[in-house]
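Below is one structure, written out as structure tokens; comments come after it.
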Amino acid sequence: MTGSPRPRRRPNGPACPPIGALMRYGERTVRVIAEASGQRVIIESVDEDGRTFRSAVKWANLAALDGQLF
């Protein structure tokens with residue numbers, strides 16, 4: 001009799017970024033708010049009008065910031 005199957009993990013796959021981290025999502029600088037299911041995180045960013053909004057994106061689409069913000 002076998003137990004439940006283990007979830008598959010890629011040894012060199014993306015890792016969930018830490019909560020509160022500043023990261024790059026396309027052209028935008030975003031802050032990681034929470035971890036969601038399915039290798040996704042909730043991010044928070046500000047649009048051109050200054051409004052804050054949140055969205056769910058995949059970990060693989062986030063990149064570390066370069067050496068400087070501005």
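Quick note: the coordinates plus some simple rules give every number you see, no bench work behind them. Everything quoted here is computed from the prediction, not taken from an experiment. Quick reminder, even Gly has a Cβ in these numbers, built from the backbone with ideal geometry, and neighbours come from all protein chains shown.
Classify segment 22-64 as rounded, prolate or oblate, taking a ≥ b ≥ c as the square roots of the eigenvalues of its Cα gyration tensor: rounded when a/c is under 1.5, otherwise prolate if a/b is larger than b/c and oblate if not. Please report the intermediate quantities before stating the final value.
Numbers: a/c = 2.42, a/b = 1.51, b/c = 1.61.
Since a/c reaches 1.5 but b/c is at least a/b, the shape of segment 22-64 is classed as oblate.
Work out from phi, with θ = phi - 60° and the Karplus expression 6.51 cos²θ - 1.76 cosθ + 1.60, the ³J(HN,Hα) of each residue of segment 32-46, listed in order in whole Hz, and give x for Gly and Pro.
3J(HN,Hα) across segment 32-46, in whole Hz: 7, 9, 7, 8, 10, 7, x, 6, 10, 10, 8, 10, 10, 9, 10.
Using Cβ contacts closer than 10 Å as the measure, can you line up Thr52, Thr29 from fewest to most? Working shown, then result.
Values: Thr52 9, Thr29 14.
Ascending Cβ contact count within 10 Å gives the list Thr52, Thr29.
Among residues other than Glu48 whose Cβ falls under 14 Å from its Cβ, what is the net charge (Lys/Arg +1, Asp/Glu -1)? Please report the intermediate quantities before stating the final value.
Numbers: positive: Arg28, Arg51; negative: Glu27, Asp47, Asp49.
Surrounding charge for Glu48 is -1.
Residue by residue through segment 49-66, what is 3J(HN,Hα) from phi via Karplus (6.51 cos²θ - 1.76 cosθ + 1.60, θ = phi - 60°)? Round to whole Hz and write x for glycine and proline.
Residue by residue, segment 49-66 yields 7, x, 7, 8, 9, 10, 8, 9, 9, 7, 4, 5, 8, 9, 10, 5, 5, 6 Hz.
Sum up the charges of everything whose Cβ sits under 12 Å from the Cβ of Gly20, counting Lys and Arg as +1 and Asp and Glu as -1, but leave Gly20 out.
Numbers: positive: Arg31; negative: Glu35, Glu44.
So the surrounding residues net to -1.
Sort Leu62, Leu22 by Cβ crowding within 10 Å, fewest neighbours at the top. Working shown, then result.
Details: Leu62 19, Leu22 12.
The order, fewest Cβ neighbours first, is Leu22, Leu62.
Name the long-range amide H neighbours of Ala21: under 5 Å, sequence gap of 5 or more, or other chain; modelled H, no Pro or chain starts.
Residues meeting the criterion, in which the H sits 1.01 Å from N, are Val32.
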